[in-house]
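Chemist: A single structure is presented below for examination.
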Amino acid sequence: MTAPPTTAAPTPTPTPTAAPAPSYEVLDFSRDRSFDAFGLRTVTTASAATVTLDSESPAIGFDYQVANRGYHVFYFDEKMDFVTVPVPLANFGYANDYFSTGDLGFNRSQYAAGMNYAGYASWRNTVLPGSIERKLIFGAKTRPSDFPATGVSSYLARSQLSILDPMGRMMNSVNSTDKSFTIDWPTRRVTATILVEQLGSDVQFAPFTLELSGNVVVAIDNQIIGTASGGGYSGRIIGNVFGPAGVEAGLAYRLEGPAGQLLSGVILGRQLPPR
């Protein structure tokens, strides 16, 4: 009697392995680091002021050496070295490295408590009869594949701005915390509002609101590019998103006023938990 033919058991379909979630380095300064940055450069003299807004570049940023808490900072052709000391965490609620003399100053910080992926640095030096100040934003940029597909993220953001008159005199300098910084992920639309009020100046002006709007442009290394206006001022913004799913974001902006005033500043924030 002939044995019936045997049929091989079907090979089970393998269960797909989930792609690992993108990983991001927090701003860990327990080791040597190097960062590119984008930011602002302000030059004041005895009779004038200029402010430039500069996109991220390998020619802007800093190298850090943990052995002596030393920073080699550069902004195009301008370069300088600082050996810093840490500011006690209790002073601000966030990490901060600091150097200051009468003519020189440097600061690198988290900028706001709870931020882990984006950071801020400023560097100034006196060039009589004026000064040069640079403000830098840097960090671990979000990969496009990690952008949320849906939803609108709101950010608890801290802003810093200054206004100079055409002669280079300070009209206003403001630090504030706002909850009006948002990113609509399906459209990549970025919006922010900043209230500008009188503070510490003899030059009087009525409060006004700045409206910042732009888009996350994936084709240009995820840069945020857009415009800003309000109170007779107009200009542009640049920025980026940082960390997993764009959990943090930062912008820099520069505007001109109707009488030649220069308004500039930065805003950085971290996503608020969904309601």
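The values are calculated or read from the model by the stated rules, or taken from the named source; none is laboratory data. Here the structure is a predicted model, which is why all the values come from computation and not from measurement. Every residue, glycine as well, gets a Cβ built from its backbone with ideal geometry; the counts of neighbours run over all protein chains shown. We work out accessible area using only protein heavy atoms, side chains counted, and drop any ligands, DNA or RNA first. Shrake-Rupley method; radii C 1.70, N 1.55, O 1.52, S 1.80 Å.
Chemist: Is it fair to say Asp77 is closer than 29 Å to Ala219 by Cα and without any contact (Cβ under 8 Å) to a residue 12 or more places away in the chain?
Modeler: On the way: closer than 29 Å to Ala219 by Cα: yes; without any contact (Cβ under 8 Å) to a residue 12 or more places away in the chain: yes.
Here the answer is yes, as Asp77 does meet what is asked.
Chemist: What are the residues in the stretch 264-275 that are among the hydrophobic types (A, V, I, L, M, F, W, C) and assigned to a loop (DSSP other than H, G, I, E, B), if any? Quick ask: steps written out before the conclusion?
Modeler: Let us first name the residues in the stretch 264-275 that are among the hydrophobic types (A, V, I, L, M, F, W, C), namely 266-268, 272.
Within the stretch 264-275, Leu272 is the sole residue that qualifies.
Chemist: So, Ser153, is that one in contact (Cβ under 8 Å) with a residue 24 or more places away in the chain and of a type in the set (Ser, Thr, Tyr) or not? Write out each step before concluding.
Modeler: Numbers: in contact (Cβ under 8 Å) with a residue 24 or more places away in the chain: yes; of a type in the set (Ser, Thr, Tyr): yes.
Yes: the conditions hold for Ser153.
Chemist: Among the residues of the stretch 113-121, is there at least one that is assigned to a strand (DSSP E or B) and open to solvent by 50 Å² or more (accessible area, probe 1.4 Å)?
Modeler: Start the filter on the stretch 113-121 by keeping residues that are assigned to a strand (DSSP E or B), which leaves 118-121.
Next cut, open to solvent by 50 Å² or more (accessible area, probe 1.4 Å) only: none.
No; the residues of the stretch 113-121 include none that is assigned to a strand (DSSP E or B) and open to solvent by 50 Å² or more (accessible area, probe 1.4 Å).
Chemist: Can I ask one more? Anything in the stretch 239-263 that is surrounded by fewer than 24 Cβ atoms within 10 Å (Cβ to Cβ), hydrophobic (A, V, I, L, M, F, W, C) and part of a strand (DSSP E or B)? List them, or say none.
Modeler: Residue satisfying the conditions is Leu262 alone.
Chemist: Would you check which residues across the stretch 134-145 are over 15 Å from Glu248 (Cα atoms) and surrounded by 19 or more Cβ atoms within 10 Å (Cβ to Cβ) and list them?
Modeler: Just the residues of the stretch 134-145 that are over 15 Å from Glu248 (Cα atoms), to begin with: 134-136, 145.
Arg134, Lys135, Leu136 - these are the residues of the stretch 134-145 that are over 15 Å from Glu248 (Cα atoms) and surrounded by 19 or more Cβ atoms within 10 Å (Cβ to Cβ).
Chemist: Let me ask something else. Out of Thr101, Thr2, Thr45, which single residue is β-branched (Val, Ile, Thr), at pLDDT below 80 and open to solvent by 60 Å² or more (accessible area, probe 1.4 Å)?
Modeler: Details: Thr101 fails: at pLDDT below 80; Thr45 fails: at pLDDT below 80.
When all the criteria are applied, what remains is Thr2.
Chemist: Which members of the stretch 216-238 meet the condition of being under 26 Å from Leu27 (Cα atoms) and either open to solvent by less than 50 Å² (accessible area, probe 1.4 Å) or part of a loop (DSSP other than H, G, I, E, B) (or both)?
Modeler: Within the stretch 216-238, Val216, Val217, Asp221, Asn222, Gln223, Ile224, Ile237, Ile238 meet the criteria.
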